[in-house]
Amino acid sequence: MSQLFSPLALGPLSLSNRIVVAPMCQYSAEEGCTSDWHAQHLGTLAQSGAGLLIVEATAVEPRGRITWGDVGLYDDATEAALKATVTSLRRWSPMPLGIQLAHAGRKASTHKPWDHGGAAIAPEGEHGWQTVSSTARPFNEGDPAPQALDQAGIDAIVQAFVDSAVRAHRLGFDLIELHGAHGYLLHQFLSPLSNDRQDAYGGTLENRLRFPLQVFHAVRAAVPASVAVGMRISASDWVEGGWDVAQSVALAQALEARGCSYLHVSSGGLDPRQQIKPEDGYQVPFASDIKATLSTMPVIAVGLITEPRHAERIVAEGKADAVALARGLLYDPRWPWHAAAELGATVHASPQYLRCQPRSAKGLFG
Ligand SMILES: Cc1cc2nc3c(=O)[nH]c(=O)nc-3n(C[C@H](O)[C@H](O)[C@H](O)COP(=O)(O)O)c2cc1C
């Protein structure tokens, strides 16, 4: 019996298997609005047989977009565009849908990754704007400096997360993932490398946890208990003296105590000095170490998990409750079908596709 293809609950949400489509920015929105690209891209992934699809980092305010092509959910126009995308997905797929709500902080206002190497754009440049962060230090030396948020600015961003979460619920999303990873705004408050504030939001670990926990608390309170609310974190900055597993454990335990539905464990992205050795499953030990300190909150592992038997082992050995894939699913959007065939499990397929079942995998489409 495959454990990867066994059901899992993320708080109130039941998944039919433990394969998650990781959030992936497409930089293909217009003024924050999803386009026909998103319907095609997400439509393909919604036919993948995974247990959950998480829509890309979606900005809670225009300043919180990484690039001018990022998706947003901050006004009626962006909500209407996303509604069309979600309606199309729901029409043809029963897959649970999540959305990652994000604010890029000092990593906002950049070119798309395939233009000018994704370099920062100055506030006065075309498609640029003034960024904000925990402090006035830029990500890269020499980049335009962000403005340090004051209390009113922090409160406004907490409210922006709440407003976007309410819109996400109205659109029928089953799950909201708060983006606390990859050096974006929540992570900028968490890490001592990007937060040396002198007020209640900086200095001690307790103070650095304050803003992300406020965002979690406010979003959790703003949507009904039927909506799962989780967080993605970077478990390590991969820089001496930075955010690390011990601090991640403190955050994870605080989130569990506050009713967080799950933790999604990634790493890096906060500091250009990071030394990462990407190899198969390189972030799984982080997920496993954090999971060992929790009582029931499920943990999702991600990062170079590409082989079905590897994914099966991660779950079967209790290192994580689920695995997420990003690049592997872009390369092979039917990865869950192929994994089910290899592991002797069954997977959902739409009736239009049932005739493709290979003879060698009879009973694949349960
Ligand atoms: C095209 C692309 C876009 C991504 N966008 C996001 C994103 O919106 N939010 C996020 O948390 N991670 C994002 N990531 C990171 C992935 O979710 C994932 O954590 C990372 O790629 C490692 O998993 P993998 O080895 O299966 O690709 C992105 C990765 C790729 C390749």
TODO: Select from segment 10-35 the residues that are over 15 Å from H348 (Cβ atoms), away from the ligand (no atom under 15 Å from the Cβ) and in contact with a Ser or Thr (Cβ under 9 Å, 6 or more places away or on another chain) and list them in ascending order.
DONE: L10, G11, P12, L13, E31, C33, S35
Task: Any pair with Cβ under 8 angstrom, 6 or more apart, that starts in segment 228-246 at a residue that is away from the ligand (no atom under 16 Å from the Cβ) and ends at one that is of a type in the set (S, T, N, Q) - done: A228/S261; V239/Q274; V239/Q275; G242/S191; G242/S236; D244/S236; V245/S236
Task: Identity of the residue in segment 308-327, assigned to a loop (DSSP other than H, G, I, E, B) and surrounded by 15 or more Cβ atoms within 10 Å (Cβ to Cβ), that ends up farthest from the chain's Cα centre (by Cα) - done: K319
Open item on the list: Between L330, L304, L270, which is in contact (Cβ under 8 Å) with a residue 60 or more places away in the chain, in a loop (DSSP other than H, G, I, E, B) and within 16 Å of the ligand (Cβ to nearest atom)?
Closed with: L270
Task: Residue among A160, A148, A165, A222 that alone is touching a Ser or Thr at 6+ places or on another chain (Cβ under 8 Å) and hydrophobic (A, V, I, L, M, F, W, C) - done: A148
- [ ] Please determine, by comparing only the residues of segment 145-163 that are assigned to a loop (DSSP other than H, G, I, E, B) and out of contact with any Pro (no Cβ under 6 Å at 6 or more places or on another chain), which one is nearest to L186 (Cα to Cα).
- [x] L149
TODO: Within segment 92-106, track down each residue that is under 16 Å from the mean Cα position of the chain (by Cα) and assigned to a loop (DSSP other than H, G, I, E, B).
DONE: P96, H103, A104
Task: Tally of residues being at negative phi and outside any strand (DSSP E or B) across segment 225-242 - done: 9
Open item on the list: From the list F173, F139, F216, exactly one residue is of a type in the set (F, W, Y) and part of a helix (DSSP H, G or I). Which is it?
Closed with: F216
- [ ] From L4, L10, L42, grab the single residue that is under 17 Å from the mean Cα position of the chain (by Cα), surrounded by 22 or more Cβ atoms within 10 Å (Cβ to Cβ) and farther than 29 Å from G117 by Cα.
- [x] L10
- [ ] Sort out which residues of segment 252-267 are closer than 24 Å to R106 by Cβ and assigned to a loop (DSSP other than H, G, I, E, B), and write them in order of number.
- [x] S267
Task: Answer residue from segment 307-321, given it is more than 18 Å from G344 (Cα to Cα) and touching a strand residue (DSSP E or B) at 6+ places or on another chain (Cβ under 7 Å) and is nearest to the ligand (Cβ to nearest atom) among those - done: A320
Task: Residues that are of a type in the set (G, A, S) and closer than 28 Å to Q357 by Cα, drawn from segment 25-65 - done: A39, G43, A46, S48, G49, A50, G51
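Just so you know, all these numbers are worked out from the coordinates, no wet-lab data involved. Bear in mind the structure is a predicted one, so any value in this text is a computation, not a measurement. Reconstructed Cβ throughout: ideal geometry from the backbone, glycine too, with neighbour counts over all protein chains shown.
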